[in-house]
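Here is the structure we will look at.
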Amino acid sequence: MIISPSVLSLHYDDFKNQLDALNESVEWLHFDVMDGNFVPNISFGPVIFSYFRKNSSLFMDVHLMVNDPEHYAMEFANKGAESITFHYENYNDPDECIKLIDKLHSLYLKAGISINPGTSVKDIEPLLNKVDLVLVMSVEPGFGGQKYIPSSTDKIKELDYYRKLYNLSYIIQVDGGINDQTAHEVLNAGCDCLVAGSYIFDGDIISNVNKLRSCK
């Protein structure tokens, strides 16, 4: 199991202590990048990301919720991102998605594809042999603190089925409404990587991470 805390929920008035706790307890850091267009909210850009990069050796997992994913991908790649995930909904066209996936791979980055709650796994089936990661959005993107959408569990199971059927190795990541209850459900469905925000950062980080680890 990989735990990738969404640093959008980090308490920035306690940055050093919280980042120290993350460095001690998790494998990845998850960066939700929002431009105010693809989703209503705005988060942070490459400059803030680079500060995390300088202060952590954790795997840097960037999730682009932006209108121009190729431009942002190059910016974050230059700052030290290791995995970049963009949305199928940016293109709604597998061939166009493959172009960006191939470009990410040419830069020795892991490439991920994300799907919103209204997008089916069938839509991205042609991409499954191309990507390193599939991110199932289990809430509507752009806002923290939402409740897990139960139909997401069926998507996770479907992705796990295809992975086994075609002998593929992509990571299944889930983002939205993850806590010690929903984590158990998604892990049993086939999820490999949990993205959690407020659940991890509201309280003792290491204790909350350990609670998620006990859910498997």
For the pairs LYS16/LYS54; LYS16/LYS216; LYS54/LYS103; LYS54/LYS216, note any where the Cα-Cα span goes beyond 22 Å. LYS16/LYS216; LYS54/LYS103; LYS54/LYS216
Leaving out ligands, DNA and RNA, what percent of the accessible area of the chain is carbon and sulfur, probe 1.4 Å? 47 percent
Taking a probe of 1.4 Å and leaving out DNA, RNA and ligands, the chain shows per residue an accessible area in Å² of 44 Å²
Translational diffusion coefficient, Stokes-Einstein: compute it for the range 32-101 using the Kirkwood radius over C-alpha pairs as Rh, at 25 °C and 0.890 mPa s, and state it as an integer in µm² s⁻¹. 196 µm²/s
Sequence-distant aspartates and glutamates (8 or more away, or on other chains) whose Cα lies within less than 20 Å of LYS130: ASP61, GLU70, GLU82, GLU89, ASP93, ASP95, GLU96, ASP102, GLU158, ASP160, ASP192
Go ahead and estimate [θ] at 222 nm for the chain from helices alone: -39,500 (n - 2.57) per DSSP H run with n ≥ 4, summed, over the residue count, rounded to 500. -11000 deg cm²/dmol
Among VAL33, VAL136, VAL47, which one shows the biggest mean-square fluctuation in a GNM of the chain, springs joining Cα atoms closer than 10 Å? VAL47
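The values are calculated or read from the model by the stated rules, or taken from the named source; none is laboratory data. Since the model is a prediction, treat every value here as computed from it, not as a measurement. SASA here: full protein model, heavy atoms, side chains in, ligands and nucleic acids out. Shrake-Rupley method; radii C 1.70, N 1.55, O 1.52, S 1.80 Å.
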